[in-house]
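Inspection log for the structure reproduced underneath, given as structure tokens.
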């Protein structure tokens, strides 16, 4: 034990005793009067203290040299700073060095304050007695009220918000040192005192557990014993990473989000995504890429034709069969989506056909080649059918409105962030080669080729959301957000990251392009207020509140409901997320990705304003709102609170079945129309039926040949040989309409005749029963049924038709796009007058063709049709007069 020397220094009448290195001795030396400073005892004490400090430093360095192979960095022995009065110099004791390195950062970290440093901090805080007592009371109150927090990393806004609420920070061991005082970070007197007070409070609560922990992304999600603690613990990270934060998890969740759809509440709008780690996904991606090529070609052709671009010229090298091939594939896609491939076999195109189609598609989109001239004038028909198919496919592929015509896909590494390793490609072979060369996991996502632009520049929206509970799910959304711009003008011919990636980590590496619009910010960021002002100038003031903000809200709720099953129950935990959205030309937001632990650094003036506000409002939600639900939550809005029901568990005997009697009005009492062919359905007349629309297109363009399946060839897609089909004229359509009119009149006549004889039968039976003239059993034989009248009419029609015998079965040829079942016609007649009159029509038509030849004029055909129709109407009128005379003979 070193021998302690007692030094007596008198200041006034109060003697101060103590060890030369004790706080009391240092205090005495510091406050000694000017006359005492020249005394022998004062000089001896100063020399002794200086020598003792040097010895301690040498011992510390000597011990560290023994325990480490590489010498540690030596900190200067002392750092002189002004005392609180500014009338002298005091010396900060050297810190204890250690060679312990963390596995993550590799930075030297000390184990905490040394006893000398603690004594120095206590001494400095005791100089102001009132402040010292206040700090001790604050620490005692924080321990009693469980208001101790720890913050890892930066986040000064979190510290300020908690300190304003009376919380005390418990510093981590690596931050419990005087490094900020030694390296000169705290230069002013106020900063020095604030740092000393912070260390003093942390020293007082060092042995107490923290009640609030804010972790960084690099900190592990260690399991904390929350349930067995006697004090509450709040952590800013959920127990596990949510599925929506990983690219693969978001990809798989988007494909099953329809199970969690809630009207006007939860609906995810996101690009189609696939993962290379799943073989089934890669097969689905290949099929999706091919169908997208078909739709892209049709959209491109429609756009060129609408803008009167010369894409069908005499010098064109691409056959029209390429368009026919795309139409066929889109039709088959709709059949499968509508489950209409169950009753019919759909023959898929071969790989050779697809390869040939894709080669020509690349040449067309690259504007290297154009189509051959439309010599048969079929282009209007193809364009009308293409519009219909694209409109129907939009129900199953919402991204069709913004995916463009270049078939570009974005390939993202599954575990990278901040835009690292992202590439764009538009050819299937290039994408497959890229994925086959690596064993890493990637996500292939359909690129939004036609986003909403601001002054020819791409942007996306960073929206913050907060999850405060997993079961029940509680989601908060920040009302303010900001836009991130790219530094270059938007261009689909160049796939450089400075054009297509709006991440701030990417864009800050590049300078803004020349000729950039002056309204765009130099730091490539806008806040939501600035964007709303821009929308007002475009006369789109209601777009944000009606489309953009509700759309982002529904996407966030939908994707989090989808991933809720994979989340564990997290008590007293919350997490802040950064969601990235991109807008299409209709201002609909598309969810691109969700980031955990988003960057909240002050990189630009916009983030310097919004990020501290977000962190301050997070404390309002997780601290103030929990204690008092009526307290304000800042700019955070609770967008979803999952309703929960308490389950009731019981035994098997408690189960029962309860039923109710259905009322008689519940059952349908009308006539059920049974038809032999399901193609004869009134629903076919609706706009969403492919067959009905196809028939309308055929009728409008006066043709029955829609398309023929092209085969593969090295030079062109050759035409398939088809059976000849009949080309109907407008006269045939008029004849068909006239026949339908005659048929309707005949049906009306049959109904009237049957009803009249029914009334006559009832009248006769009534008179017979009243007069008792005959036996009632014989009366039914004297009446006539409606079936008998049908037979009579058939006999009359046979007399009217004396041209010969008609065929029992007529062949019906389907074109490539007809919707009828294989081997069946569109209509099957069952011995009714309509079939008879159809036979009459065909008989008249055959007579006409035999007599006048195949090149007869339209006017002669129309005259003959009108003459035949007039004869039929006269026949019906004559029969009606006969039956009327029978019913009322006296009249």
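The values are calculated or read from the model by the stated rules, or taken from the named source; none is laboratory data. Worth saying up front: this structure is predicted, and the values here are computed from it rather than measured. For neighbour counting, all protein chains shown are included, and Cβ atoms are generated from backbone atoms with ideal geometry for every residue, glycine included.
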*Does segment 554-575 include one or more residues that are touching a residue at least 12 places away in the same chain (Cβ under 8 Å), surrounded by 16 or more Cβ atoms within 10 Å (Cβ to Cβ) and part of a strand (DSSP E or B)?*
yes
*With respect to residue 360, determine if the residue is assigned by TED's automatic domain parsing to the domain that holds residue 428, outside any helix (DSSP H, G or I) and more than 22 Å from residue 396 (Cα to Cα).*
no
*Looking at (1) at pLDDT below 95; (2) surrounded by 21 or more Cβ atoms within 10 Å (Cβ to Cβ), which is the one condition that is false for residue 518?*
(2)
*State the number of residues belonging to segment 371-406 that are touching a strand residue (DSSP E or B) at 6+ places or on another chain (Cβ under 9 Å) and surrounded by 19 or more Cβ atoms within 10 Å (Cβ to Cβ).*
4
*asked:* Which of the numbered conditions does residue 580 fail, given that it passes all the others? Conditions: (1) surrounded by 17 or more Cβ atoms within 10 Å (Cβ to Cβ); (2) out of contact with any helix residue (DSSP H, G or I) (no Cβ under 8 Å at 6 or more places or on another chain); (3) farther than 19 Å from residue 423 by Cα.
replied: (3)
*asked:* Suppose the filter is farther than 30 Å from residue 554 by Cα, buried (at least 19 other Cβ atoms within 10 Å of the Cβ) and in contact with a helix residue (DSSP H, G or I) (Cβ under 7 Å, 6 or more places away or on another chain); does residue 322 pass it?
replied: yes
*Select from segment 256-296 the residues that are in contact with a strand residue (DSSP E or B) (Cβ under 9 Å, 6 or more places away or on another chain), in a loop (DSSP other than H, G, I, E, B) and farther than 26 Å from residue 413 by Cα and list them in ascending order.*
265
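This table checks each residue for (1) assigned by TED's automatic domain parsing to the domain that holds residue 522; (2) under 24 Å from residue 254 (Cα atoms); (3) touching a strand residue (DSSP E or B) at 6+ places or on another chain (Cβ under 7 Å).
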{"position": "433", "(1), (2), (3)": "no, no, no"}
{"position": "455", "(1), (2), (3)": "yes, no, no"}
{"position": "470", "(1), (2), (3)": "yes, yes, no"}
{"position": "474", "(1), (2), (3)": "yes, yes, yes"}
{"position": "477", "(1), (2), (3)": "yes, yes, yes"}
*asked:* Criterion first (outside the structural domain of residue 424 (by TED's automatic domain parsing) and either surrounded by 14 or more Cβ atoms within 10 Å (Cβ to Cβ) or closer than 27 Å to residue 233 by Cα (or both)) does residue 541 satisfy it?
replied: no
*asked:* Of all residues being outside any helix (DSSP H, G or I) and surrounded by 16 or more Cβ atoms within 10 Å (Cβ to Cβ) in segment 297-319, which is nearest to the chain's Cα centre (by Cα)? Just the residue, please.
replied: 311
*Restricting attention to segment 256-292, and to residues there that are without any contact (Cβ under 8 Å) to a residue 12 or more places away in the chain and outside the structural domain of residue 349 (by TED's automatic domain parsing), which single residue is surrounded by the most Cβ atoms within 10 Å (Cβ to Cβ)?*
258
_Yes/no for residue 322 being in contact (Cβ under 8 Å) with a residue 12 or more places away in the chain and touching a strand residue (DSSP E or B) at 6+ places or on another chain (Cβ under 6 Å)_ = no
